[in-house]
Amino acid sequence: MSKVDVRGMSCPQPVLITKNAIKSNPASIKILVDDNTAKNNVSRFLENSGYKLSIREMDEDYLISAEK
């Protein structure tokens with residue numbers, strides 16, 4: 001499983017870093033984001049890449065868990 005922390009980054013950086021992280025086609029990946037825009041953009045990208053998502057709110061952050 002890959003883990004990516006993109007907190008503090010503004011778009012499009014979170015999506016580009018996530019795109020780079022899934023190049024090796026991991027079966028699952030977890031992405032930690034800290035704003036709603038990044039959560040929405042990364043989620044949309046992962047869904048379009050064939051992943052099924054669950055999103056958990058953790059204080060002021062979001063943990064996106066994605067599996068193929």
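From the residues in the stretch 17-48 that are surrounded by 14 or more Cβ atoms within 10 Å (Cβ to Cβ) and assigned to a loop (DSSP other than H, G, I, E, B), which one is modelled with the lowest pLDDT?
Top of the filtered list is 26.
If the requirement is being within 11 Å of the chain's Cα centre (by Cα) and not hydrophobic (A, V, I, L, M, F, W, C), which of these qualifies: 39, 23?
Only one candidate passes the filter, namely 39.
Can you tell me how many residues within the stretch 25-61 are among the hydroxyl-bearing types (Ser, Thr, Tyr) and either in contact with a His (Cβ under 6 Å, 6 or more places away or on another chain) or closer than 13 Å to residue 3 by Cα (or both)?
Matching residues across the stretch 25-61 total 1.
Look at the stretch 32-62 and say how many of its residues are touching an Asp or Glu at 6+ places or on another chain (Cβ under 8 Å) and aliphatic (A, V, I, L, M).
3
The values are calculated or read from the model by the stated rules, or taken from the named source; none is laboratory data. In this text, all values refer to a predicted model and were calculated from it rather than measured experimentally. Neighbour counts run over all protein chains shown; Cβ positions are idealised from the backbone, glycine included.
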